[in-house]
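**Student:** Dumping the structure here so I can ask a few things about it.
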Amino acid sequence: MFSTMSRYQMLQTNAALTKTLTQNDAMVKRDTEYYLANISKVKTIDDFVKDYRLFSYALKAYGLEDMIYAKAFIKKVLTEGITDTKSMANKMTDPRYKEFAKAFDFVAKGDKATSQASATTEAVSKYYQQTLEKKEGEQNEGVRLALYFKRKASSVTTTMGLLGDKALLKFVQTTFSIPTGASKADLDLQVRNLEKHLNIKDLQDPKKVDKLIQRFSAMYDMNNVSPATAAPVLTLFSEPAEAGVSVDLMMSISKLRLGGF
């Protein structure tokens, strides 16, 4: 079984092939063809939320697949749009809602909203990526989190942006061994705690993002090690299973400096 970093690097190195395989999946191909053939025909928010196949595809594309049955809530997000600073999308700490409302901006673009690139080609591209991440997550949640962090890191400009995204927060907590219970603390305290570990400006530097992913992968595997992920060479010795750590993981950890890059 591959380590988190090995699998992540494999996907990054073979990105074109990975994308092609995802696109050619029978179910993905069928749903995408339906989406592209019908999304631009939708002219109102009501029509949008009533078509389950279109609506669920769009939600998944923008990372909101779990909200498929919260139609009233999503309808409110779309109805209020993003222009008003007091709108639902702008008040939500989770940036995905604003991104979705901006992609399907019925308020500003009316019946032309579903003909925009954000609702057509961009949505399809995002759907492919979401499908890939979900599939990888079924085998190794660490790989899914690494892919997600790589995709979203540059869009995060504030510490609150990390706190508002559960997946990004889990990535950072794992990377720096921050207890999940820290999320119950006062918000200001949470911000200060994260800033002790991470300079938010580093997320704009691809090289530093890659180093964060390397550190995360090592920490994730160390915290989720099992006999299946331990290297065969280590299992030749009579060490307890819970102490087994793969050679790949040990080498990754040895390259990292505690408390930083």
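**Student:** Looking at (1) modelled with pLDDT under 95; (2) surrounded by 20 or more Cβ atoms within 10 Å (Cβ to Cβ), find the lone condition where Thr159 falls short.
**Tutor:** (2)
**Student:** Within the range 93-119, restricting attention to residues that are outside any helix (DSSP H, G or I) and in contact (Cβ under 8 Å) with a residue 24 or more places away in the chain, which residue is nearest to the chain's Cα centre (by Cα)?
**Tutor:** Out of the qualifying residues, it is Asp94.
**Student:** Ok, one more. Can you go through Asp202, Asp186, Asp221, Asp210 and tell me which one is exposed (fewer than 11 other Cβ atoms within 10 Å of the Cβ) and of a type in the set (Asp, Glu)?
**Tutor:** Asp186
**Student:** All but one of (1) surrounded by 15 or more Cβ atoms within 10 Å (Cβ to Cβ); (2) without any contact (Cβ under 8 Å) to a residue 24 or more places away in the chain; (3) over 18 Å from Asp111 (Cβ atoms) hold for Asn24; state the number of the condition that does not hold.
**Tutor:** Here Asn24 clears every test but (1).
**Student:** Is it true that some residue in the range 49-59 is within 24 Å of the chain's Cα centre (by Cα) and open to solvent by 40 Å² or more (accessible area, probe 1.4 Å)?
**Tutor:** Yes: one or more hits.
**Student:** Pairs only if they're at least six apart or on different chains, beta carbon under 9 angstrom, first in the range 41-66 and under 19 Å from Tyr97 (Cβ atoms), second among the polar types (S, T, N, Q) and open to solvent by 70 Å² or more (accessible area, probe 1.4 Å); list them, first residue then second.
**Tutor:** Ile45/Thr79
**Student:** In this structure, is Ala153 among the small types (Gly, Ala, Ser), open to solvent by less than 20 Å² (accessible area, probe 1.4 Å), in a helix (DSSP H, G or I) and closer than 19 Å to Asp210 by Cα?
**Tutor:** Working: among the small types (Gly, Ala, Ser): yes; open to solvent by less than 20 Å² (accessible area, probe 1.4 Å): yes; in a helix (DSSP H, G or I): yes; closer than 19 Å to Asp210 by Cα: yes.
The answer is yes for Ala153.
**Student:** Do you know which of the residues in the range 130-148 that are of a type in the set (S, T, N, Q) and buried (at least 16 other Cβ atoms within 10 Å of the Cβ) is farthest from Arg215 (Cα to Cα)?
**Tutor:** Checked the range 130-148; the qualifying residue farthest from Arg215 (Cα to Cα) is Thr131.
**Student:** Can I ask one more? Which of the helices (runs of 4 or more DSSP H) contained wholly in the range 1-91 include at least 3 residues that are within 22 Å of Gln129 (Cα to Cα) and touching a helix residue (DSSP H, G or I) at 6+ places or on another chain (Cβ under 7 Å)?
**Tutor:** In the range 1-91, 4-13, 15-23, 26-38, 52-61 are the helices (runs of 4 or more DSSP H) which contain 3 or more residues that are within 22 Å of Gln129 (Cα to Cα) and touching a helix residue (DSSP H, G or I) at 6+ places or on another chain (Cβ under 7 Å).
**Student:** Additional query: So which pairs qualify, if the first residue must be in the range 79-90 and farther than 13 Å from Phe106 by Cβ, the second must be not charged (D, E, K, R), the Cβ gap must be under 6 Å, and the two must be at least 6 apart or on different chains?
**Tutor:** Met88/Val77
**Student:** Moving on. Just need a number here: residues in the range 131-145 that are of a type outside the set (Val, Ile, Thr), in a helix (DSSP H, G or I) and more than 8 Å from the chain's Cα centre (by Cα).
**Tutor:** So the first thing to find is which residues in the range 131-145 are of a type outside the set (Val, Ile, Thr), and the list is 132-142, 144-145.
Still in the list and also in a helix (DSSP H, G or I): 132-139, 141-142, 144-145.
Those left that are additionally more than 8 Å from the chain's Cα centre (by Cα): 132, 134-139, 141-142.
Qualifying residue count for the region: 9.
**Student:** If you check Thr157, Thr175, which single one turns out to be touching a His at 6+ places or on another chain (Cβ under 9 Å), among the hydroxyl-bearing types (Ser, Thr, Tyr) and in contact (Cβ under 8 Å) with a residue 12 or more places away in the chain?
**Tutor:** Details: Thr157 fails: touching a His at 6+ places or on another chain (Cβ under 9 Å).
That would be Thr175, the only listed residue that is touching a His at 6+ places or on another chain (Cβ under 9 Å), among the hydroxyl-bearing types (Ser, Thr, Tyr) and in contact (Cβ under 8 Å) with a residue 12 or more places away in the chain.
The values are calculated or read from the model by the stated rules, or taken from the named source; none is laboratory data. If you're wondering where the values come from, they're calculated on a predicted model, not measured in any experiment. Methodologically, a virtual Cβ is constructed for each residue, glycine included, from the backbone with ideal geometry; neighbour enumeration extends over all protein chains shown. Note: accessible area is taken over every heavy atom of the protein model, side chains too, but ligands, DNA and RNA are not part of it. Shrake-Rupley method; radii C 1.70, N 1.55, O 1.52, S 1.80 Å.
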